[in-house]
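Structure first, then comments.
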Amino acid sequence: YNRMDLLLLRAVAGEARAQNLPLAVETGDARDVADAVDAGAGSIEHGSWRDSIPDAVLEKMARRGVYLVPSLASCEAASQYFAGKADALDNSLVEQAVSATFLKSMRDFTASGKAVDAGKAGLFAKGLEQSRDNLLRAWKAGVPLALGSDSGNPLVFPGPSLHRELQLWVQAGIPAAVALQAATANAAALLRAGDRIGAIRKGMDADLLLVDGNPLQNIAATERISLVV
């Protein structure tokens with residue numbers, strides 16, 4: 001991170017405003033977040049997993065309507081990956097969504113110990129706890145929230161990782177209803193697609209997920225999918 005990065009961020013932000021495009025900025029620490037908000041970002045991806053986001057920055061995000069997309073699942077997955085664990089691969093949704101060949105190769109690679117790095121494992125484990133704290137404080141400060149998983153990283157798969165993200169939010173202290181809204185209506189609004197998706201009402205795309213159980217009582221119920229319409 002240096003002054004050239006900040007100048008580039010401001011230039012990109014200016015171009016985005018000129019074309020009326022939303023700007024999403026991936027950040028890693030509180031200084032990144034503050035700079036991105038000041039530059040005019042519409043959403044902050046990750047937030048800060050290295051340190052605490054100051055209250056003043058969270059208040060500014062809430063006032064300007066800047067979304068936080070914390071992607072806790074990617075931080076958790078990184079801590080497991082560098083610890084030589086492959087717990088995420090045993091999830092039922094992962095086994096349905098990812099090919100058996102790929103899963104076997106990932107299990108074999110993880111078991112080989114080639115990815116093990118105790119320092120990085122500890123760093124991301126601490127980062128997960130810091131990210132949880134920042135998320136909870138952001139919600140209490142009134143920052144708009146949207147759900148995203150940063151899928152594509154090791155052990156973070158499109159689809160299943162969003163269900164894990166929901167669980168991590170609830171574990172962090174976010175009410176299940178708030179997490180579900182962040183995954184649906186808020187995410188649609190952030191993508192400027194709120195007039196088409198993200199809610200169940202007349203005129204919207206009828207994409208419905210029916211689950212076995214009440215996710216407001218047990219968020220893990222979202223993984224027990226009975227029917228997709």
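Residues within the reach of a label modelled at Arg64 (point 7 angstrom out along Cα to beta-carbon, backbone nitrogen below 12 Å), restricted to the stretch 21-38, are 23-25, 33-38.
Result for the chain in a Gaussian network model with C-alpha springs under 10 Å: among Lys126, Lys114, Lys202, the largest mean-square fluctuation is at Lys202.
The overall shape of the stretch 1-93 is prolate: from the C-alpha gyration tensor, with semi-axes ordered a ≥ b ≥ c, the ratio a/c is 1.5 or greater and a/b exceeds b/c. Note on exposure: Trp139, Trp169, Trp49 ranked by accessible area (1.4 Å probe, complete protein assembly) read Trp139, Trp49, Trp169, with the most exposed listed first. Which whole-angstrom value gives the distance between the alpha carbon centres of the stretch 128-164 and the stretch 22-93? The stretch 128-164 and the stretch 22-93 have Cα centres spaced 7 Å from each other. The label-point distance for Leu21 and Leu6, in a model that sets each label 7 Å from Cα toward Cβ, rounds to 2.4 nm. Amide hydrogen proximity for Leu145: with H placed 1.01 Å from N in the peptide plane, the residues at 5 or more positions away or on another chain lying under 5 Å are Leu68. Backbone phi angles across the stretch 100-109, fed through the Karplus curve with coefficients 6.51, -1.76 and 1.60 (θ = phi - 60°), yield HN-Hα couplings of 4, 5, 5, 4, 5, 5, 5, 5, 5, 5 Hz in residue order; Gly and Pro are listed as x.
Scattering from the stretch 75-197 was approximated by placing one identical point on each alpha carbon and applying the Debye formula without solvent; log10 I(q)/I(0) at 0.18 1/Å stands at -1.01. If R0 is 45 Å, the Cβ-Cβ spacing of Ser112 and Asp195 corresponds to a FRET efficiency of close to 0.40. Rg over Rh for the stretch 22-69 works out to 0.90, both radii taken from alpha-carbon positions and Rh defined as the Kirkwood radius. Using heavy atoms of the protein chains and a probe of 1.4 Å, the accessible area assigned to Thr222 is about 10 Å². Springs between alpha-carbon atoms under 10 Å, Gaussian network over the chain: tell me which of Leu68, Leu103, Leu128 tops the mean-square fluctuations. The residue that fluctuates most here is Leu103. Tell me which lysines have Cα within less than 27 Å of Lys104's Cα, excluding those fewer than 8 residues away on the same chain? Counting by Cα, and skipping residues close in sequence, Lys104 has these lysines nearby: Lys85, Lys114, Lys120.
Backbone amide hydrogens, once placed in the peptide plane, bring Glu26 within less than 5 Å of Glu45, excluding anything fewer than 5 places away on its chain. Count Lys and Arg as plus one, Asp and Glu as minus one, and take only other residues whose Cβ is under 12 Å from that of Arg196; the net charge is then -1.
Divided by 2.2 N^0.38 Å, where N counts the residues, the Cα radius of gyration of the chain comes to 1.06.
Rounded to whole numbers, the Karplus 3J(HN,Hα) couplings from phi for the stretch 126-143 are 5, x, 5, 5, 5, 5, 4, 4, 4, 4, 4, 5, 5, 4, 5, 7, x, 6 Hz, using 6.51 cos²θ - 1.76 cosθ + 1.60 with θ = phi - 60°, and x at Gly and Pro. Semi-axes of the equivalent ellipsoid for the stretch 132-185, computed as √(5λ) from the eigenvalues of its C-alpha gyration tensor and ordered from largest down, come to 20, 11, 10 Å.
Phi angles across the stretch 217-229 convert, under the Karplus curve 6.51 cos²θ - 1.76 cosθ + 1.60 with θ = phi - 60°, into 3J(HN,Hα) values of 9, 9, 4, 5, 4, 5, 7, 8, 7, 9, 7, 10, 10 Hz, Gly and Pro given as x. Rounded to the nearest 20, the size of the Cβ-charge dipole of the chain about its Cα centre is 300 debye, with Lys and Arg at +1 and Asp and Glu at -1.
The values are calculated or read from the model by the stated rules, or taken from the named source; none is laboratory data. Note that the structure is predicted; figures quoted are calculated from it, not measured. Ideal geometry is used to build each Cβ from the backbone, glycine not excepted, and the neighbour counts take in all protein chains shown. Heavy atoms of the whole protein, side chains included, go into the accessibility calculation; ligands, DNA and RNA do not. Shrake-Rupley method; radii C 1.70, N 1.55, O 1.52, S 1.80 Å.
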